[in-house]
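The values are calculated or read from the model by the stated rules, or taken from the named source; none is laboratory data. What you see is a predicted model; the values in this text were computed from it and never measured. Note: ideal-geometry Cβ built from the backbone for every residue, glycine included; neighbour counts use all protein chains shown. To get the accessible areas, we keep the full protein, side chains included, count just its heavy atoms, and leave off ligands, DNA and RNA. Shrake-Rupley method; radii C 1.70, N 1.55, O 1.52, S 1.80 Å.
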Amino acid sequence: MHQDEYKTLVALLAERNKWRAAYYRACLQDVGDDDEDQANSKAEAYYRIQTAEQDIQYQAAKILGEDQRSNLDRLLGYDFEQSTPWNVGEWAAGDNPVEGGRVPVLPYLLAGDFVDACGTVVVRSISGFHSGDVLMRSGFHPQAFRYRHPGKYLVPHMLWQLGTGEWIGIDGVSVGYGGHGPGYAEKALRSAGLSEPVAARIVGSRFCDVSALDTANPAWDTSARWPVEPRQMPELREDGTLVVHTGERLDSLSTSHGLRLKDNAPDPDESGFYPSTHEVDSVTAWFNFLDQSPEALPSWARGERTISFLLDDHSAGENGYVKGGRRNGSGVQSFPSVVVVQGAVQVWGHYYHRDQLRPLDPQVREIAASAGYTGEVPFVEGEPYTFLEKVGRFINPERKYTGVRTALVKEAE
């Protein structure tokens, strides 16, 4: 697709965003039944959004073709089949407009044109050599970056927040080294109106979160190391659940987001050539994140916290707790023996059951303690499950098994 054709889509997207902002403002205002003018403004904005969407879909289908819909989704920031993208109804609740929706990811050559077409400026930029740093610092649910298939997401190495409050991703760029990716990133930043020194500092850092870019004194947070965030990127399930895996049973499974240091790599590596580890492990970092006050957490991480102890693999599998297997093309499976849930986040501890007449692995107790669970682990030696359950399973192995014990760790605040 030629650049001029891309610009046509960008112009349509900018028009849609103008009316989206108008609708957002109307939703945030109290509109009474007797306020006819305000209600009409809201209705007009909603109609304009729908009209713009139809124009975008028509133009995109003509240019991209039916087989390019997944790329269109990523460019425009919504599922092609949705009639009302961006979940505008959620805005009325004062939530982040992108939560539940998607962040549009634009080619770096068109990013500056888009900012200009929207009549705004870049006020914040988050960039990282490791895309997990960008995801964690942004606070977005990975659903905002879902890509091609349910349960898959692709986070760009650079995000911009515009003066309108909207976020966009920049495709085809990277940072923190000398190469084409950082060069493209600098071009995008300069085309969006940022000065050469500011753009160079952003591109030259392995990680950079800079805000107040529309002022004379931006606030900088940069690092030569990577990753800067100890939390590992979670697995995104089709239902939107985020699963953080840990435990010795994972050694037989390949992990898509794991970072391993080479034997001869310095750690921490001040040069940023190799990845650096952290003082706390990923699971501890996730619990530290979840322990924050509800006001400091994104909506998807709020809620009560529960912990479930799973006696054996059969129990785990029947309740949907399984990693690997034929579902993802691998014959190897791993089942957790402990699961901690808060909001959309689940921490799965994959540890071995030493045998059926012994308590769960001691590491399960460590996970429970890290999660803030102060009660007794429901399985004690010689009593992992009741005698009747053992007899029932022996008679009918296919019977629904209840080898799961769930307890409340803390109530929703």
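Brief remarks on what is shown
- Extension gain, D269 back to D55 (0.36 nm per residue minus Cα-Cα distance, nm): 72.0 nm
- With the whole protein complex present, V228 retains an accessible surface near 40 Å², based on a 1.4 Å probe.
- Label-point separation in nm, E376 to D221, each point 7 Å along Cα→Cβ: 4.4 nm
- Computing FRET efficiency as 1/(1 + (r/R0)^6) for N288 and L408, where r is the C-beta to C-beta distance and R0 is 22 Å, gives about 0.60.
- With a Förster radius of 35 Å applied to the C-beta separation of E366 and K152, the computed FRET efficiency comes to 0.65.
- Extension gain, S195 to S299, is 33.9 nm, computed as 0.36 nm per intervening residue step minus the present C-alpha separation.
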